[in-house]
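Beneath this line is the structure, given in structure tokens, with notes to follow.
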Amino acid sequence: PVHIAVAMSSVDELLQIEPTSASRWKENEYAVYRYSPNKTMESEGKSPGAGFSLSLVGSSIPPDREHLVREQVATKMSQGSLYHGSGQVTTLDPELFPSPSQAYYCLIDTRQSGLTREESPGDGDVSKQFLLCFVSIGRQGLDLFRTELDSYTAELKPFLQELPSDNGFSGSRLETEIKQWFSKNVSYLTRVIKLCHDQLPLLLHTAVNSHVEVTGENSETARDLRQFLEACSLANLMQFGNSESGEAGVSVAKGTGCQGDPRSSVTVNVTENGCTVSSRGDVHI
């Protein structure tokens, strides 16, 4: 599959950083903003654009540089449509940031669905919409991981809902979790390649052609492998871009793989030293 092939070919470039060009920055940063749209624009159902404000909730970026990220992302948002739950990736100005640098940003609405206009928060209430921004400094390739990042930002919705009106970001569950954005959604690829190097051809074949179940005592490693298989799966590729679909190549929760008879399936068992692959039914590996 194109997604995983390109990502694997550029993984070394993506996961390395030039210390000379990015010494003033961390390798990966994040910022969380409250998004406040123009009320007229919101009531008319228009896509976010000009006429909104971003107020900082929390960030790993030093204040003297955070405003640079905010200004560039806000400019990109005002130039085009932005949809809840569907992130965008933009290249940051090389005159202001170590080159190449990219930012992924995604709008998350934590309001209860189905509320009428009268039941929605009033003008005096704190916005329930957030913009999550992930910044990769001195490297590129975030666009290859948009699917993973979109899923990840959706998982952060409960943590955003917990934030009090005065933000309360420091020490929150959101702060603890969001620090891991790069490790969970990009670095997993490198971990799987190192762990299952000898089994990679078989894993790729399995992800495309079989119903897959992942087992193992190490939940984090199992999560990495499920994410890898889902990125490779044919079902995921066919449904790419359909953010409303609940099906994908490998389900993290249920451990199900590509569409097919579950009685004929492949089991991938994760251990500390690697992974083993076994089959049942009509599957031959």
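The values are calculated or read from the model by the stated rules, or taken from the named source; none is laboratory data. This is a predicted model, so every value here is computed, not measured. Note: ideal-geometry Cβ built from the backbone for every residue, glycine included; neighbour counts use all protein chains shown. For the accessible areas, the whole protein counts, side chains as well, though only heavy atoms, and no ligand, DNA or RNA atoms are used. Shrake-Rupley method; radii C 1.70, N 1.55, O 1.52, S 1.80 Å.
For every residue, the table says whether it meets (1) among the small types (Gly, Ala, Ser); (2) open to solvent by less than 80 Å² (accessible area, probe 1.4 Å); (3) at pLDDT 85 or above.
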{"site": "Glu175", "(1), (2), (3)": "no, yes, yes"}
{"site": "Lys179", "(1), (2), (3)": "no, no, yes"}
{"site": "Gln199", "(1), (2), (3)": "no, yes, no"}
{"site": "Leu202", "(1), (2), (3)": "no, yes, no"}
{"site": "Gly241", "(1), (2), (3)": "yes, yes, no"}
{"site": "Glu244", "(1), (2), (3)": "no, no, no"}
{"site": "Gln259", "(1), (2), (3)": "no, no, no"}
{"site": "Pro262", "(1), (2), (3)": "no, yes, no"}
{"site": "Thr271", "(1), (2), (3)": "no, yes, no"}
Cβ pairs under 7 Å, 6+ apart or interchain, first in region 58-79 and in contact (Cβ under 8 Å) with a residue 40 or more places away in the chain, second among the basic types (Lys, Arg) and not in a helix (DSSP H, G or I), ordered by first then second residue, are Ser60/Lys26
Which numbered condition trips up Thr215, out of (1) over 21 Å from Arg34 (Cα atoms); (2) open to solvent by 30 Å² or more (accessible area, probe 1.4 Å); (3) of a type outside the set (D, E, K, R); (4) assigned to a helix (DSSP H, G or I)? (4)
Meets criteria (surrounded by fewer than 16 Cβ atoms within 10 Å (Cβ to Cβ) and at pLDDT 90 or above) for Glu66: no
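Matching residues to (1) among the aliphatic types (A, V, I, L, M); (2) open to solvent by less than 40 Å² (accessible area, probe 1.4 Å); (3) modelled with pLDDT of 90 or more:
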{"site": "Ser59", "(1), (2), (3)": "no, yes, yes"}
{"site": "Ser78", "(1), (2), (3)": "no, no, no"}
{"site": "Gly85", "(1), (2), (3)": "no, yes, no"}
{"site": "Pro98", "(1), (2), (3)": "no, yes, no"}
{"site": "Leu132", "(1), (2), (3)": "yes, yes, yes"}
{"site": "Thr153", "(1), (2), (3)": "no, yes, yes"}
Contact list, first residue from region 148-166 and closer than 10 Å to Ile108 by Cα, second anywhere and part of a helix (DSSP H, G or I) and open to solvent by 20 Å² or more (accessible area, probe 1.4 Å), beta-carbon distance below 9 Å, six or more apart or interchain, is Leu156/Glu177
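If you go through region 155-202 one residue at a time, how many are assigned to a helix (DSSP H, G or I), more than 22 Å from Arg34 (Cβ to Cβ) and not basic (Lys, Arg)? Please lay out each step first, then the result.
At the first step, the residues of region 155-202 found to be assigned to a helix (DSSP H, G or I) are 155, 157-162, 173-178, 181-185, 188-195, 197-202.
Pick out the ones that are also more than 22 Å from Arg34 (Cβ to Cβ) and you get 182-185, 188-195, 197-202.
Subset that is not basic (Lys, Arg): 182-183, 185, 188-190, 192-193, 195, 197-202.
Summing the residues that are assigned to a helix (DSSP H, G or I), more than 22 Å from Arg34 (Cβ to Cβ) and not basic (Lys, Arg) in region 155-202 gives 15.
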